1. Out of segment 81-91, which residues are part of a loop (DSSP other than H, G, I, E, B) and in contact with a helix residue (DSSP H, G or I) (Cβ under 7 Å, 6 or more places away or on another chain)?
2. Consider segment 13-63. How many of its residues are within 14 Å of ligand 2 (Cβ to nearest atom), closer than 30 Å to residue 131 by Cα and out of contact with any helix residue (DSSP H, G or I) (no Cβ under 9 Å at 6 or more places or on another chain)?
3. For segment 242-261, does any single residue satisfy the condition of being surrounded by 24 or more Cβ atoms within 10 Å (Cβ to Cβ), touching a residue at least 60 places away in the same chain (Cβ under 8 Å), in contact with a strand residue (DSSP E or B) (Cβ under 7 Å, 6 or more places away or on another chain) and part of a strand (DSSP E or B)?
4. Could you please find all residues in segment 98-123 being outside any helix (DSSP H, G or I) and within 16 Å of ligand 1 (Cβ to nearest atom)?
5. With respect to the numbered conditions (1) touching a helix residue (DSSP H, G or I) at 6+ places or on another chain (Cβ under 7 Å); (2) near ligand 1 (Cβ under 8 Å from one of its atoms), which one is the sole condition not fulfilled by residue 184?
6. Of all residues in segment 28-54, how many are part of a helix (DSSP H, G or I), over 17 Å from the mean Cα position of the chain (by Cα) and modelled with pLDDT under 80?
7. Only one of these conditions is not met by residue 271: (1) in a strand (DSSP E or B); (2) free of Cβ contacts under 8 Å to residues at least 12 places away in the same chain. Which number is it?
8. Counting just the residues of segment 177-222 that are part of a helix (DSSP H, G or I), surrounded by fewer than 23 Cβ atoms within 10 Å (Cβ to Cβ) and at pLDDT 95 or above, which one comes out nearest to ligand 2 (Cβ to nearest atom)?
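The values are calculated or read from the model by the stated rules, or taken from the named source; none is laboratory data. Computed from a predicted structure; not experimentally measured. Here the Cβ is made from the backbone with ideal geometry for all residues, glycine too, and neighbour counts use every protein chain on show.
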Ligand code: KG4
Ligand code: ZN
């Protein structure tokens, strides 16, 4: 099938790498629809994502989510120019559900399909409903439940890793801390809402930057929260504990970013991934960028947490370049940043 390079493609994005089943349709950078069915409620009782249950829930949600995305965009299948599907990294069984759906639609309606790296989706989420181009090069902080990476984006498709966590991800630290404090899953939002109730904390938690030049480390934070919870028992002040945890994560992220901005000459910093929905982090990094006179790019919260609009945006660029995947496109649970280059 021919792809019209000059008119914006209408691309269907499909995302099922973890615990969100999502479908979206974009046209250029305009998001025509974005539907997300979250499984958070189901996984809450276990305190985290149960892979087998996630796969099963994706199977149940995928068709209604796809139909809703089409309906919200007021389109029919034959009006879709391309399909973009997350094929790596993520939970194997979960990825396979989105991939099978993408292949079935591509085959039935003869629509070109392309595989998207989940993290390239997050990086390109800043394009959602954006009219102006994104400054290049820029630094991008990906902070989610599974990732904490600082990436130099020279251009779309040209990425290099500047820093990463050596153990837990920032979102994972918030989720585990929240769980220890008896708050719900996913914990990041709960931490934010409890922290909001106070403006300081009597507790001090370690900042996860063991050596200013090395990577982040958030696993010590989990141990520190565990000790705090054990020591304080029922006397613990939960809002203040949440405040201390949020502050420790924000401070660690901010310090590393500030340092990287000294060594990389960039016109902008972007903040993406689920933790980018955090108001304290958005505020801290916006301040950092304004002090340095560079742009701060952050998607609206619904495009920070997992969604399919970001996958459609990343896939649209690849489809425009003539990239096509065959029906042998495979899911891969692990995929380094370098796999996104090209
Ligand atoms: O990007 P995402 O939806 O999924 C992954 O790819 O991991 O990120 C989920 C993470 C979870 O750790 C969740 O607690 C965190 O994003 N999160 C937040 C907020 N909303 C979601 N963390 C802090 N503040 C929030 N408002
Ligand atoms: Zn994600």
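1. Kept after step one, since they are part of a loop (DSSP other than H, G, I, E, B), are these residues of segment 81-91: 81, 89-91.
Of everything in segment 81-91, those that are part of a loop (DSSP other than H, G, I, E, B) and in contact with a helix residue (DSSP H, G or I) (Cβ under 7 Å, 6 or more places away or on another chain) turn out to be 89, 90, 91.
2. Qualifying residue count, segment 13-63: 1.
3. Within segment 242-261, none of the residues are surrounded by 24 or more Cβ atoms within 10 Å (Cβ to Cβ), touching a residue at least 60 places away in the same chain (Cβ under 8 Å), in contact with a strand residue (DSSP E or B) (Cβ under 7 Å, 6 or more places away or on another chain) and part of a strand (DSSP E or B).
4. Of all residues in segment 98-123, those outside any helix (DSSP H, G or I) come to 110-117.
Hits for segment 98-123 are 116, 117.
5. (2)
6. Looking only at segment 28-54, we keep the residues that are part of a helix (DSSP H, G or I), and these are 40-44, 51-54.
With over 17 Å from the mean Cα position of the chain (by Cα) added as a condition, the list becomes 41-44, 51-54.
So of that shortlist, the ones also modelled with pLDDT under 80 come out as 41-44.
Total satisfying the criteria: 4.
7. Only one criterion in (1) in a strand (DSSP E or B); (2) free of Cβ contacts under 8 Å to residues at least 12 places away in the same chain is unmet by residue 271, namely (2).
8. Within segment 177-222, the subset part of a helix (DSSP H, G or I) is 177-180, 187-195, 219-222.
Within this subset, residues satisfying the condition of being surrounded by fewer than 23 Cβ atoms within 10 Å (Cβ to Cβ) are 179-180, 189-190, 192-194, 219-220, 222.
Among the residues that remain, those that are also at pLDDT 95 or above are: 180, 189-190, 192-194.
On the way: 180: 23, 189: 15, 190: 18, 192: 18, 193: 21, 194: 23 Å.
Applying the filter and picking the extreme gives 189.
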